[in-house]
Amino acid sequence: MSIRNRIIGVAAGALGVAVAGTAAEVARRRRVVARRGRGTVLRLGSLHSSPVTVIADDGVPLHAEIDEYDAPAGERRRETGSEPADELTVVFVHGYALNLDCWHFQRAGYRGLVRSVYFDQRSHGRSGRSPDGHATIDQLGVDLLQVIEQVAPEGRVVLVGHSMGGMSIISLAEQHPELFGDRIVGVGLISTTAGGMSTQRIVLPLLPEGIGGQLMHRAIAGLARTSRVVEGVRRASKDVATVATDKFAFGEDAPGEYVAFVDRMLSATPFDVLAEFFPQFDSLDKFSVISAFERVPTTIICGTADRLTSIGHSRKLHSLIPGSTLVECEGAGHMVIMEQHERVNAALDQLLAAAAAHVPNGPE
């Protein structure tokens, strides 16, 4: 049985659709059910696999990890080795000031069920630092293509991006629209936008108390030149930073361990990295290129209490991408991928089912 049929069975089962009615199908579905809530019993950030280094076009090493599809024993015996071109790979692209660990609940839910790739964007997490002038959204699109070419050189690909990760996917669509509907057969855009951002909303949870509201681009650039001082203030203001993370990254009553986990990722991102990428958000305007997503199943997900990329951004994307699906998560904030991870994963189940059934158009 092909990867496509396996994923159709998994996701259609989530919708209560009778696909095959066989004992094998029941067994596959049970594997999905068994993984519900699995992330809550695993330590946040504990899921990893052997690292793979992807080299960007400018030489920056990008840290990547791959969770391979774990076929049940019976299926493994039946496979002949002729299926790689039919294999589906899901590439998860994280956001600004985070790293691949932010996908904890998606990784727990999909591990072994579909081939999944996680990587740290340049200058984030375990990846190398970007050279001057290359910390741009456009460069992130170039990096994403390198990830696809080096770790998923064959088969079909679904891209799932959160926040700046969604912008990376949009940038790739601008640079290589011909991939969408051919190699790329599905897109998930979570808590993101193609433009019209307010940078002050982004920077507030990332800066020490008393600084955020007054900063503009020139002030941030100046602080970056004294980043050692700023890092000291960030450490000294840790309690304030945690409260800010809770307020700006989450909706109401997020578990404390979620807030602390995200705060650790934010705190681990050097301030000069934040400053390098920061000017990109005000100038972002790529609404004209999102028509590429019309060719593939596209799911847009956002929390209604998102303070950084508000629900209005997702509604606009939905209105501009005919055939897209909009999932509004009531009361969730920017980190909806954690806060309402079960609903996010359910929406991704349906996206994977649609992507697996998608017939590639070939390049235009």
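The values are calculated or read from the model by the stated rules, or taken from the named source; none is laboratory data. Not measured: the values here are computed from a predicted model. Positions of Cβ are generated from backbone atoms using ideal geometry, with glycine treated the same way; all protein chains shown enter the neighbour counts.
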Can you tell me which of (1) at pLDDT below 95; (2) in contact with a Leu (Cβ under 7 Å, 6 or more places away or on another chain); (3) crowded, with 19+ Cβ neighbours inside 10 Å is the one residue 299 doesn't meet? (1)
Applying the selection to the range 296-319, what residues are assigned to a loop (DSSP other than H, G, I, E, B) and of a type in the set (A, V, I, L, M, F, W, C)? 296, 305, 308
Look at the range 306-355 and say how many of its residues are touching a Cys at 6+ places or on another chain (Cβ under 7 Å), of a type outside the set (A, V, I, L, M, F, W, C) and within 14 Å of residue 258 (Cβ to Cβ). 1
Given the conditions (1) within 23 Å of residue 137 (Cβ to Cβ); (2) assigned to a loop (DSSP other than H, G, I, E, B), which single one is not true for residue 254? (1)
Complete set of residues in the range 309-324 that are touching a residue at least 24 places away in the same chain (Cβ under 8 Å), surrounded by fewer than 24 Cβ atoms within 10 Å (Cβ to Cβ) and of a type in the set (Val, Ile, Thr): 321
So how many residues does the range 321-349 have that are under 23 Å from residue 248 (Cβ atoms), touching a helix residue (DSSP H, G or I) at 6+ places or on another chain (Cβ under 7 Å) and assigned to a loop (DSSP other than H, G, I, E, B)? 4
Hey, does the range 279-287 have a residue that's more than 15 Å from residue 193 (Cβ to Cβ) and either hydrophobic (A, V, I, L, M, F, W, C) or in contact (Cβ under 8 Å) with a residue 24 or more places away in the chain (or both)? yes
Kindly provide the set of residues from the range 126-174 that are on the phi > 0 side of the Ramachandran plot and under 14 Å from the mean Cα position of the chain (by Cα), ordered by number. 163
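Starting from residues that are among the hydroxyl-bearing types (Ser, Thr, Tyr) and over 18 Å from the mean Cα position of the chain (by Cα), keep the ones in the range 272-301 and report whichever is farthest from residue 356 (Cα to Cα).
Here the answer is 283.
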Within the range 271-293, count every residue that is of a type outside the set (A, V, I, L, M) and either more than 27 Å from residue 332 (Cα to Cα) or crowded, with 18+ Cβ neighbours inside 10 Å (or both). 10
Of all residues in the range 127-142 being of a type in the set (Gly, Ala, Ser) and part of a loop (DSSP other than H, G, I, E, B), which is nearest to residue 164 (Cα to Cα)? 135
I'm told residue 105 meets every condition in (1) more than 28 Å from residue 175 (Cα to Cα); (2) touching a Gly at 6+ places or on another chain (Cβ under 9 Å); (3) at pLDDT below 90 except one. Can you identify the failing condition by its number? (3)
Residues in the range 138-156: is at least one among the aliphatic types (A, V, I, L, M), in contact with a Lys or Arg (Cβ under 9 Å, 6 or more places away or on another chain) and within 22 Å of residue 249 (Cβ to Cβ)? yes
From 359, 327, grab the single residue that is within 24 Å of residue 178 (Cα to Cα) and surrounded by fewer than 23 Cβ atoms within 10 Å (Cβ to Cβ). 359
